[in-house]
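Below you'll find the structure, written out as structure tokens, and then a few comments.
Just so it is clear, none of the values below were taken in a lab; they were calculated from the coordinates. Computed from a predicted model, the values in this text were never measured in an experiment. Note that we place each Cβ from the backbone using ideal geometry, even for glycine, and neighbour counts take in every protein chain shown.
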């Protein structure tokens, strides 16, 4: 996960999109349930990993994260 964060950090044009996607994946009222951290829902993350890689015990490839954010930015711009 750190490698993916570094890959995104190296691309300032994706920072806004990354922040927007992060906000969208954090559950509402995250502070009211354990672990009291603004983390994406575990089931959502597992679903994304399973559909991308066929298993949930794998960290996302940095290039996949960057490509996903590029797609999100393009979708918001033209969609």
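Given a 10 angstrom Cα cut-off, can you work out which residue in 17, 25, 51 is the most mobile in a GNM of the chain?
Top of the fluctuation ranking is 51.
Taking the simple approach of a point 7 Å from Cα along Cα-to-Cβ for both residue 44 and residue 59, what is their distance in nm?
A separation of 2.2 nm, rounded to one decimal place.
Hey, what's the Kirkwood Rh for the chain if you take every pair of different alpha carbons, in angstrom?
Working: mean 1/r = 0.0734 Å⁻¹.
Computed over the chain, the radius equals 13.6 Å.
What value, in deg cm²/dmol to 500, does the helix sum -39500 (n - 2.57) over DSSP H runs of n ≥ 4 give at 222 nm once divided by the residues of the chain? Show your work: numbers first, answer last.
Values: 4 runs with 48 residues, N = 79.
Rounded to the nearest 500, the figure is -19000 deg cm²/dmol.
Suppose the chain between residue 70 and residue 23 were pulled fully straight at 0.36 nm per residue; how much longer would it get relative to their current alpha carbon spacing?
Numbers: separation 47, 0.36 × 47 = 16.92 nm, distance 1.66 nm.
Additional length available on full extension: 15.3 nm.
Order of 57, 41 from fewest to most other C-beta atoms within 10 Å? Could the numbers behind the result be given before it?
On the way: 57 8, 41 12.
Ranking 57, 41 by Cβ neighbours within 10 Å, fewest first, gives 57, 41.
Using alpha-carbon pairs under 8 Å, 6+ residues apart, how would you state the relative contact order of the chain in percent? Mind dumping the intermediate values first?
Details: 55 pairs, mean separation 31.5, N = 79.
Result for the chain is 40 percent.
Extension gain residue 51-residue 2, at 0.36 nm per residue separation less the Cα-Cα distance, in nm?
Details: separation 49, 0.36 × 49 = 17.64 nm, distance 2.10 nm.
So the chain would gain 15.5 nm between residue 51 and residue 2.
Among 16, 48, 29, determine the one that fluctuates most according to a GNM of the chain built with springs between C-alpha atoms less than 10 Å apart.
Evaluated over the chain, the most mobile residue of the options is 29.
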